[in-house]
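Data first, discussion second: the structure below is written as structure tokens.
The values are calculated or read from the model by the stated rules, or taken from the named source; none is laboratory data. Bear in mind the structure is a predicted one, so any value in this text is a computation, not a measurement. Positions of Cβ are backbone-derived with ideal geometry, glycine not excepted, and every protein chain shown enters the neighbour counts. Accessible surface areas use protein heavy atoms only, side chains included; no ligands, DNA or RNA. Shrake-Rupley method; radii C 1.70, N 1.55, O 1.52, S 1.80 Å.
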Amino acid sequence: MPQRIQGSFQTMNTSDKSPEKNGKEFQVDHARIQAAVREILLAVGEDPDRDGLKETPARVGRMYAEMFSGLHKDPTHFLEKTFVQKYDEMVLVKNIKFQSMCEHHMLPFSGKAHIAYLPNGKIVGLSKLARVVECLSRRPQVQERLTEDLADLLVKSLKARGVGVVIEAS
């Protein structure tokens, strides 16, 4: 049985395509986000029509679309291409930078992920690990679940003999 430092698998969207809504691929509703941001500005006593804020709702809409782009992606997709390799040593990728959004406060946080795994006859390209980190971090998130999801995904997808994940974030 593979061992890992921390975690259990969390439910995530595993569809290759964006979820469908009324038969269409999901698209971020920019107009709805812009209206909500405008309402927030009004609610805190700001004038959303003043020069410095006129474009803010559109900017926030674009930012949310980017920050949550991992919601509709399957992170296992990045680990499908593997290579058979007899290698019994630890594979370690350090300092994978990421940005995410705290699901409790809707504020951004950023940091670095360090991932290590013990292969079980197959390896994956190192850049794929960075893509998995990016995919999982681009959704409403907490650091603890990000750590668990990364570890469990590697165990499940690569059948790794062991996995360690460390997240440094603020």
Please indicate, with yes or no, whether at least one residue in the range 126-139 is more than 28 Å from residue 33 (Cβ to Cβ), basic (Lys, Arg) and assigned to a helix (DSSP H, G or I).
-> yes
Hey, among 109, 68, 26, which residue is aromatic (Phe, Trp, Tyr) and in contact with a strand residue (DSSP E or B) (Cβ under 6 Å, 6 or more places away or on another chain)?
-> 109
Inside the range 121-140, can you point out the residues that are in contact with an Asp or Glu (Cβ under 7 Å, 6 or more places away or on another chain) and crowded, with 23+ Cβ neighbours inside 10 Å?
-> 136
Counting only residues that are acidic (Asp, Glu) and part of a loop (DSSP other than H, G, I, E, B), how many does the range 140-155 have?
-> 0
Taking the range 46-77 and keeping only residues that are assigned to a loop (DSSP other than H, G, I, E, B) and under 25 Å from the mean Cα position of the chain (by Cα), one is left with 68, 73, 74
Pick from the range 92-120 the residues that are in contact (Cβ under 8 Å) with a residue 40 or more places away in the chain and part of a loop (DSSP other than H, G, I, E, B): which of them is most open to solvent (accessible area, probe 1.4 Å)?
-> 120
Tell me which of these residue 28 doesn't satisfy, since it passes every other one: (1) at pLDDT 95 or above; (2) open to solvent by 50 Å² or more (accessible area, probe 1.4 Å); (3) of a type in the set (Val, Ile, Thr).
-> (1)
Could you run through the range 62-91 and say how many residues are without any contact (Cβ under 8 Å) to a residue 40 or more places away in the chain and of a type in the set (Val, Ile, Thr)?
-> 2
If you take the residues in the range 68-91 that are aliphatic (A, V, I, L, M) and at pLDDT below 95, which one is most open to solvent (accessible area, probe 1.4 Å)?
-> 84
Go through the residues of the range 56-65 one by one and say whether even a single one is open to solvent by 90 Å² or more (accessible area, probe 1.4 Å) and either modelled with pLDDT under 95 or among the polar types (S, T, N, Q) (or both).
-> no
Complete set of residues in the range 141-150 that are open to solvent by 30 Å² or more (accessible area, probe 1.4 Å) and farther than 18 Å from residue 78 by Cα = 143, 144, 145
Selection status of residue 166, within 10 Å of the chain's Cα centre (by Cα) and surrounded by 14 or more Cβ atoms within 10 Å (Cβ to Cβ) | no
